[in-house]
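Peer 1: This is the structure I have questions about; it appears just below.
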Amino acid sequence: MRRLDGYVLLHLAGLEMRRVDLVAGLTLLGVAVLAVTGSLMVGTTPVHLSDLFGGPLDDTQRYAVLGLRLPRALMGLLAGAAIAVSGAILQSLTRNPIADPGLLGLSQGALLAILFSFVLAPGTPRAWVPSIASAEHALDAIRDWAAD
């Protein structure tokens, strides 16, 4: 079925979607599969594609793939999915398709200050995080005021 704007609609499992969106989603899924497969193969311990899918792995390769590379790749996928979902939630809650964290007062400077505190002072209590972000916001305000 074709919509008035020219896009072809597909009906899959009770969902209605544009063919362009389906192709884009499947393309991104394919790129993600290739990236994960590549990350499982590349490293100081070489693992060939044939070994990865069905071939025998020795103990070093098995540890490298199952103990190090696969958990890292899955964590990267989950972190990316979590960021995407949080962005979609933020956009739907604010009913703003171009919403970003700055809308809620989370600036890059405050996030950088929080990151530095975690890296440079790993024992920093988590309860101090809002104070660190607020202090950075205060410094931004003072810098802006002094510049005017």
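The values are calculated or read from the model by the stated rules, or taken from the named source; none is laboratory data. As the structure is a prediction and not an experimental result, all values here were calculated from the model. So basically every Cβ, Gly included, is an ideal-geometry build from the backbone, and we count neighbours across all protein chains shown.
Peer 1: Given the conditions (1) more than 30 Å from SER131 (Cβ to Cβ); (2) at pLDDT below 85; (3) surrounded by 13 or more Cβ atoms within 10 Å (Cβ to Cβ), report the number of the one that GLY55 does not fulfil.
Peer 2: (3)
Peer 1: Please count how many residues of segment 8-61 are of a type in the set (A, V, I, L, M) and assigned to a helix (DSSP H, G or I).
Peer 2: Restricting attention to segment 8-61, the residues satisfying the condition of being of a type in the set (A, V, I, L, M) are 8-10, 12-13, 15, 17, 20, 22-24, 26, 28-29, 31-36, 40-42, 47, 49, 52, 57.
Restricting the remaining residues to those that are assigned to a helix (DSSP H, G or I) gives 20, 22-24, 26, 28-29, 31-36, 40-41, 49, 52.
Within segment 8-61, residues that are of a type in the set (A, V, I, L, M) and assigned to a helix (DSSP H, G or I) number 17.
Peer 1: Taking segment 128-148 on its own, how many of its residues are of a type in the set (Val, Ile, Thr) and in contact (Cβ under 8 Å) with a residue 24 or more places away in the chain? Write out each step before concluding.
Peer 2: If we filter segment 128-148 for residues that are of a type in the set (Val, Ile, Thr), which is where we start, we get 129, 132, 142.
Pick out the ones that are also in contact (Cβ under 8 Å) with a residue 24 or more places away in the chain and you get none.
The total comes to 0.
Peer 1: Read through the list (1) assigned by TED's automatic domain parsing to the domain that holds LEU29; (2) within 25 Å of the chain's Cα centre (by Cα), then give the number of the only condition that PRO130 fails.
Peer 2: With respect to (1) assigned by TED's automatic domain parsing to the domain that holds LEU29; (2) within 25 Å of the chain's Cα centre (by Cα), PRO130 is out only on (1).
Peer 1: Scan segment 21-48 for residues that are surrounded by 12 or more Cβ atoms within 10 Å (Cβ to Cβ) and hydrophobic (A, V, I, L, M, F, W, C) and report the count.
Peer 2: Residues that pass the stated criteria total 7.
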